[in-house]
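Here the structure is laid out as structure tokens; the discussion comes afterwards.
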Amino acid sequence: MKSLGLLFGHNAVLLVILTIAWPVVRLLGVHAGPMPPWWVVILQILIFLYVDDFLTYWAHKALHVGWFFKKIHSIHHRVSHPSAMDNSYFHFAEFLILMATGQVAPLLMGANIYVIWIWLAIRIWQSVVGHCGYAFWWDPVRLVPLYEGGDYHYFHHIDARGNISGILPYLDRIWGAVAPKYAIYKGERLGGKRRFLKLRWNPSQAVARRQPSSRGK
Ligand SMILES: [Zn+2]
Ligand SMILES: [Zn+2]
């Protein structure tokens, strides 16, 4: 119920902010004119996704520091095993930061408003999948180069460290910040060839299963 309240509360306030901001947004070049060709739409959405992921990485990293974590980001980390509904379980300041990082590229490029809507739908989908506890092999965002799957962010919640990236793990790999439990899980999953896996399990059991059995010796 708390997640539901935050989901509707945050988005209601955002609706008011966006309505008031529309004249300013139009000055930046965002328009409701004819749609660009399909290949331009795909290209623009890919640019939005990569820019958003890069900016969100640094914002998220900053939110894990001292005062910012204590006062703002710790609310999102109250949930160590989230569900899809928890994708908006944020402090309102964090919700605004994440909305802003997602809109930097569309605003700078003066995108068509309908392309921005498609982008928003994809972004919400990423967030829902990242918190739902499942790794869907049919997740359409898997078509995006470097995308690792919705399970990546789930492991950030388990220990509140590592896996800082939203969906593209390359920055975590560069800084050596991949969550250890995720590395174990990934090895298990690839070894077992499981494509649909619920993640609510104890990684220490997985380690134990991989140890050679002492029975029969
Ligand atoms: Zn999260
Ligand atoms: Zn975090």
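Evaluate the charge dipole of the chain about its Cα centre and quote only its size in Debye, nearest 20, assuming +1 on the Cβ of each Lys and Arg and -1 on the Cβ of each Asp and Glu. Don't skip to the end; give the middle numbers.
Numbers: 22 positive and 10 negative charges, 225 e Å.
Computed about the Cα centre, the dipole is about 1080 debye.
Here the simple spin-label model places points 7 Å from the Cα toward Cβ, and for LEU46 and TRP67 these points are separated by 4.2 nm. Inter-part distance, the stretch 83-140 to the stretch 4-71, computed on C-alpha centroids, equals 8 Å. Label-to-label distance, TRP38 versus ALA160, with points set 7 angstrom from Cα along the beta-carbon direction: 4.6 nm. What nm value, rounded to one decimal, do you get for the distance between PHE136 and LEU14 when each label is placed 7 Å out toward the C-beta? Distance between the two pseudo-spin positions: 1.8 nm.
Rule-based calculations on the coordinates, nothing more; no lab input. None of these values were measured; they are calculated from a predicted model. A quick note on method: Cβ atoms are made from the backbone with ideal geometry, for glycine too, and the neighbour counts reach across all protein chains shown.
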